[in-house]
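Readers should treat all values here as calculations from the given coordinates under stated rules, not as data from a laboratory. What you are looking at is a predicted structure, and each value in this text was computed from that prediction instead of being measured. We place every Cβ from the backbone using ideal geometry, glycine too, and count neighbours over all the protein chains shown.
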Amino acid sequence: MGVGGLLAVLLVGACHVSGLAGRPSAGDEPIIDAHVHTRFDGRPERSSGIPYTRQELLRQMRAAGVVAAIAHTDEDGGGYVDMAADCVLHCAGIGARVDVARVEEGLRQGQYRCIKIYLGYVHQFAYDPAYEPAYQLAERYDVPVVFHTGDTYSHRAKLKYADPLTVDEVAVDHPRVRFVLAHAGTPWFQSAAEVAYKNPNVYLDGSALVIGRLHEISRSELDSYLVRPLAWVFGYLEDPSKLLYGSDWPLVDMAAYAAAFRRAIPKEHWRAVLHDNAARLFRIDAPGQAPANCTPSKTKVGVRRTE
Ligand SMILES: [Zn+2]
């Protein structure tokens, strides 16, 4: 490299031409949805009534100003649909045993950008030795591990395994792995917030605190079970980089859920919580890590001094 301290400012994501890109129609800052699913079966989702189709996901993303999303595959990797061109990127879902070959191949090829562990649905604690290969892969490929935490959508699940407090163990033992507690541990917000507050490598997504037809739920109920818990968690964290917007689509309407987030979070932190934190955590803003149209705004990602 040359001498003389040349300053190179990298600008990425300046392109906003195709598909989802373009300014968000809601007129707000661009959003990244850190938690969706793509097991499209074509039917209305049982609690929200939202058609579970690729077209509906893309329509809702456009309507809500969502420029990128992180989708979680099933425990066996099912539900994967290549939507990278639409800025929908996937976590590798894993079950009781880690299929190291499948997950590693997906990570190597860029098919997977993170790993999802279904605590509670799978009757194993986060610190079960069976998950150790997943943490090693996460460290080697520098991708986050997302845990389901809190209430489950299935009566077959066992809640003790989904207690967010149990993630403290692996967060301490794997300081170089970044962990996300999905659903902020609902309704164990205090445990989830404390684990994220105390561990520099733990983050929360605020998805699915309330699910179903949000427009049919009264404002006071949404305040009690969605807005106030989110506001409390955000305040407790004392770090605006620790909370991520996520919906758990198709369980809720993305735009309605984002509106609730905006009521919970002070305006000066909307950009961080609704976009920047996920961009950084899932490397959507890093050069070469995601299609350029996933981040429509100019994002300054680094200043490199060559000498
Ligand atoms: Zn989910």
Handout entry: Cleavage-rule hits, trypsin sites (Lys or Arg not before Pro), the range 129-235, DSSP coil, Cβ neighbours within 10 Å at most 12
Key = R156, R176
Exercise for the section: Calculate the dipole size of the range 6-306 relative to its Cα centre from +1 charges on Lys and Arg beta carbons and -1 charges on Asp and Glu beta carbons; express the result in debye to the nearest 20. Expected result: 760 debye
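Can you tell me what the convex hull of the Cα atoms of the range 158-307 projects to on average, as an area in nm²?
11.2 nm²
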Completion exercise
When the chain is treated as a Gaussian network with springs between alpha carbons less than 10 Å apart, the largest mean-square fluctuation among R228, R108, R62 is found at R108
Exercise for the section: With springs only between Cα atoms under 10 Å apart, run a GNM on the chain and tell me which of G65, G185, G106 wobbles the most. Expected result: G106
Problem - aspartates and glutamates whose Cα lies under 13 Å from that of K198, excluding same-chain neighbours fewer than 8 positions away - result: D168, E169, E238, D239
Handout entry: Binned Cα-Cα distances of the range 6-306, short to long, each 20 Å bin given as a whole percent
Key = 36, 60, 4, 0
Completion exercise
Per the helix-only model, the chain has a calculated mean residue ellipticity at 222 nm (DSSP H runs of ≥4, -39500 (n - 2.57) each, divided over all residues, rounded to the nearest 500) of -7000 deg cm²/dmol
Practice task
For the chain, set up a Gaussian network in which alpha carbons nearer than 10 Å are linked by springs, and say which option among A171, A184, A259 fluctuates the most.
Solution key: A259
Handout entry: Karplus (6.51, -1.76, 1.60) ³J(HN,Hα), θ = phi - 60°, over the range 78-84, in Hz, Gly and Pro reported as x
Key = x, x, 7, 9, 5, 10, 4
Handout entry: Separation between Cα centres of the range 186-257 and the range 81-128, rounded to whole Å
Key = 23 Å
